[in-house]
Amino acid sequence: MSRSKKDLQSTSSRDDVDAFLQQVAAAPKPTPTGERGRLIFAMDATASREPTWDRAASIQAAMFQETRDLGGLDVQLVHYRGFQELHHSPWCSSADALLPRMTAVRCAAGITQIGRVLDHALVEAERKRVNALVFVGDCVEEPLDGLADRAGRLGLLGVPVFVFQEGREPIAERALKEIARLSGGAWCPFDASSPRTLKELLSAVAVYAAGGRKALADFSKRRGGAVLQLTWQITKD
């Protein structure tokens, strides 16, 4: 990536978090099936994310811990980097299985491959229900029309995309908001100054995917803050 991290805005505003919570409230509600929830966790591992990668990886991994008492959550890790590298893990049913894979990822220069991530999610969802796709990235270098089409198809399959954008690059912001909107998901920015907010919201999405409204309500009683607002919006209707 050619742009500098200095170009990014330094804060994630309260309004951004509130907007994210409202979008999550409108997302497709997980349908109880008696099976473990399934969540695809996709990450941009291109060079522009290297300065904050280690901290973000540890925050992202923490969400898995919150689902242990819900009957569990199966998570598949997906990341792209370098020249046409797109990797996905097996479905992991424990943090112990996921964390070594996540911490082993290293950034490499290359362009974004979000379209391939969405294609992969479509294939997985057609094989077996996927409750949500989380994407963490900072840049979009692909035509929006193709991304929008894929996002819309994920929405038809009931797979909301929850997008966490590092920084506020405007072209990326427009594209990532559309991906979230068309899939029935939500978008929220983050940066190095807001690790706690990112951790809480990621954990909330994971808990919601694993156990639905009741699990999220129980989680919010322990955490409060942004998660409590999220629960109120989801359970008020």
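Looking only at region 78-123, count every residue that is over 21 Å from residue 165 (Cα atoms), within 16 Å of the chain's Cα centre (by Cα) and buried (at least 20 other Cβ atoms within 10 Å of the Cβ) and tell me the total.
Residues flagged as over 21 Å from residue 165 (Cα atoms), within 16 Å of the chain's Cα centre (by Cα) and buried (at least 20 other Cβ atoms within 10 Å of the Cβ) within region 78-123 amount to 1.
Please list, ordered by first then second residue, the pairs with beta carbon atoms under 7 Å, 6 or more apart or interchain, first in region 42-59 and over 17 Å from residue 168 (Cα atoms), second modelled with pLDDT of 85 or more and assigned to a helix (DSSP H, G or I).
So the pair list comes out as 42/117.
Just need a number here: residues in region 116-145 that are free of Cβ contacts under 8 Å to residues at least 60 places away in the same chain and either among the hydroxyl-bearing types (Ser, Thr, Tyr) or out of contact with any Leu (no Cβ under 6 Å at 6 or more places or on another chain) (or both).
11
Which pairs turn up if I take residues in region 147-165 that are surrounded by fewer than 24 Cβ atoms within 10 Å (Cβ to Cβ) and look for partners that are assigned to a loop (DSSP other than H, G, I, E, B) with beta carbon separation below 7 Å, at least 6 apart in sequence or on another chain?
Going by the 7 Å Cβ cut-off, the qualifying pairs are 155/184; 158/28.
How many residues, within region 181-197, are surrounded by fewer than 24 Cβ atoms within 10 Å (Cβ to Cβ) and under 17 Å from residue 41 (Cα atoms)?
Final tally of qualifying residues: 2.
Restricting to region 108-128, give me the number of residues that are in contact with a strand residue (DSSP E or B) (Cβ under 6 Å, 6 or more places away or on another chain) and not in a helix (DSSP H, G or I).
So the answer is 3.
Residues that are exposed (fewer than 14 other Cβ atoms within 10 Å of the Cβ), part of a strand (DSSP E or B) and at pLDDT 70 or above: does region 45-57 have at least one?
Checked region 45-57: no residue is exposed (fewer than 14 other Cβ atoms within 10 Å of the Cβ), part of a strand (DSSP E or B) and at pLDDT 70 or above.
Can you tell me which residue among 90, 170 is over 25 Å from residue 210 (Cβ atoms), free of Cβ contacts under 8 Å to residues at least 24 places away in the same chain and of a type outside the set (Ser, Thr, Tyr)?
170
The values are calculated or read from the model by the stated rules, or taken from the named source; none is laboratory data. As the structure is a computational prediction, the values presented were derived from the model and not from experiment. FYI the Cβ positions are ideal-geometry reconstructions off the backbone, even for glycines, and counts take in every protein chain you see.
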